[in-house]
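As C-alpha cells, the structure follows; a few thoughts come after it.
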Amino acid sequence: MPDEFIVLSGDDAITLPVLALGGCGVISVVSNEIPREMAQLTRLALQSDFQSSRGIHRRYHPLMEINFVESNPIPVKAALAEMGLLKPVWRLPLVPPKAENRARIRAVLESLELVPRVHAAFAN
C-alpha cells in the first residue's frame, strides 16, 4: 500500500493481527472500558513487541468479544454501568441488554477483576 494509506482496525479482537501486518491503529470499543490496556497493546504491537501485546490481547479477548453479544453500544454501556462509570440510562433506540447477556457481561468483568465478584446469594 502507498505510504500515505492508513489502515486501522475497526474490531478490537483483530487489532493485534492488523498491526502485525502493517496497520497503524484501531478504532476501539473496548478502550471505553480498558483505555490504558488497549493503548498499551497497540503501542507494544507498533513497537513490534508482539510477545507483550499478545499477553494483553489474550487477557482481554473475552471482553472484546462480549462487547458484541448485542448491538453496539448496548453491551459496552452495560459494562460501563456495571463498572460504576456511568448510570444505566437507556434512551431509544438503545434498550437495556437481555438479562442473560447482562449476566454474561458481568461474569466477564468479574473474571478480569474490573468489578468485584458478587456471590450468587447476593446477585439480583
* To do: Might you work out the accessible area of SER9 for me, using a 1.4 Å probe with all protein chains in place, and round it to the nearest 10 Å²?
  => 0 Å²
* Asked: Loop-only check: which GluC sites (Glu not before Pro) in region 55-120 are DSSP coil with at most 13 other Cβ within 10 angstrom?
  -> GLU113
* Could you please report the charge total around VAL26, scoring K, R as +1 and D, E as -1 over all other residues with beta-carbon less than 9 angstrom from its beta-carbon? => -2
* **the chain, accessible area per residue, ligands and nucleic acids excluded (1.4 Å, Å²)** => 62 Å²
* Asked: Quick one: ranking LEU8, LEU44, LEU21 by accessible area, 1.4 Å probe, largest first, what do you get?
  -> LEU21, LEU8, LEU44
* **Helical mean residue ellipticity (222 nm; -39500 (n - 2.57) per DSSP H run of 4+; nearest 500) of the chain** => -14000 deg cm²/dmol
* To do: Please build a GNM for the chain, connecting alpha carbons under 10 Å apart, and tell me which residue among ARG104, ARG91, ARG43 fluctuates the most.
  => ARG91
* To do: Report the accessible area of LEU92, computed with a 1.4 Å probe over the heavy atoms of all protein chains in place, in Å² rounded to the nearest 10.
  => 150 Å²
* Structure fact -> Carbon plus sulfur, as percent of the 1.4 Å-probe accessible area of the chain, comes to 57 percent
* Using a Gaussian network for the chain with springs between C-alpha atoms less than 10 Å apart, which of these wobbles most: LEU19, LEU109, LEU86? -> LEU86
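The values are calculated or read from the model by the stated rules, or taken from the named source; none is laboratory data. Note that the coordinates shown come from a computational prediction; the quantities given were computed from them, not determined experimentally. All Cβ positions, glycine included, derive from the backbone under ideal geometry; neighbour counts span all protein chains shown. The protein model used for the area step is the full one, side chains on, heavy atoms only, and it has no ligands, DNA or RNA in it. Shrake-Rupley method; radii C 1.70, N 1.55, O 1.52, S 1.80 Å.
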